[in-house]
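Structure record follows, encoded as structure tokens.
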């Protein structure tokens, strides 16, 4: 009989042999700068086989991977163009004030150099494409047994992606967008709105403006906000600062202004180790940095806010010309983080 040490050597030899074979395969058929990530993906595939994974589960994984791979390919040429995801009812008629408001918003934000992403259906989704034009539109369609036909504006466009699963489609909506705008809608709109806010509140998504836009004089979103205030805030289920994670308006111009203001000085963010790095459109004054240290010390885990002139080592040289505000965030207070961004954007 083989002793435990011998069995361990056999398992280790097999693991090393598998690793060598995978690396050889990647070097021959998929050589790139990110072979380490592809290596881990193939290891996961091997583990699925060893687990005896159910065929149905494998089909889900296979479809999800193919959908996301294609979507990433479609969006890749437009990485540097800011995009806004627009949600709303598929049942809104073209003569409805909500449709006209969504069309107006899309036209205005396109004029600011943005592109729009919608679910590619009719109603508010069509209004987004109608206002922004086909050229400045992406469609992320979902296969449903009713109601979700691709609208005539985005149909057959190379920037149209079809999804089988809601979860892959949702990932693309949030991943590719620098802003979220919701117009009145049904369960799907509510789902997208709450999920976007949840991802931002729990810090699973980068800070971004979430705008709830109604027709002029409309009450859909003011009633929604009343529910959030009385049903969630008053019950202690969210923090008062969380109300700042969204903006309610009945003006297309104000909706655009809220988005543009969000990126007035703040540009983007990422973590480098324990440090949260805010990239800035332009440097902050010494007085502003001092005020931030005094006013927002409560969301620091340790240390102080420091402004530096360029990328940190772990940023891989991204956006070399932009200043940074660097700090160790407590990773809890998303509402206060949003207030910090608002204060940064008030820089004269």
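What to note about this one:
- Crossing angle, helix 35-51 versus the chain [Cα axis fit, 0-90 degrees, rounded to tens]: 70
- Efficiency of FRET between residue 51 and residue 332 - r from beta-carbon atoms, R0 41 angstrom, step 0.05: 0.70
- Of 336, 169, 14, the sequence from fewest to most neighbouring Cβ atoms within 10 angstrom is 14, 336, 169.
- Look at the alpha carbon pairs under 8 Å that are at least 6 residues apart: their mean separation over the length of the chain gives a relative contact order of 13 percent.
- Computed E for residue 304/residue 80 - FRET, C-beta separation, R0 41 angstrom, nearest 0.05: 0.80
- If a spin label sat at a point 7 angstrom from the Cα of residue 285 along the line to its beta carbon, the backbone N atoms of segment 319-348 nearer than 19 Å would be those of 323-325, 340-348.
- Anisotropy class assigned to segment 178-224 is prolate, per the alpha carbon gyration tensor with a/c at or over the 1.5 cut-off and a/b larger than b/c.
- Per-residue ellipticity at 222 nm, computed for the chain from helices alone with -39500 (n - 2.57) per DSSP H run of at least four residues, works out to -14000 deg cm²/dmol.
- Distance between the pseudo-spin-label points of residue 264 and residue 134 (7 Å out from Cα toward the beta carbon): 3.8 nm.
- Angle in degrees between helix 97-111 and the longest Cα principal axis of the chain, rounded to the nearest 10: 70
- Label zone at residue 294, where the point sits 7 Å out along the Cα-to-Cβ direction: segment 255-278 residues whose backbone N lies under 15 Å: none
- For the chain, the longest principal axis of the alpha carbon atoms and the long axis of helix 334-344 meet at an angle near 60°.
- Calculated from the structure at hand, percent of Cα pairs over 34 Å apart is found among (i) 38; (ii) 27; (iii) 31 as (i).
Each value in this text was obtained by applying a stated rule to the coordinates, not by laboratory testing. All values derive from a computational prediction rather than experimental measurement. Every residue, glycine as well, gets a Cβ built from its backbone with ideal geometry; the counts of neighbours run over all protein chains shown.
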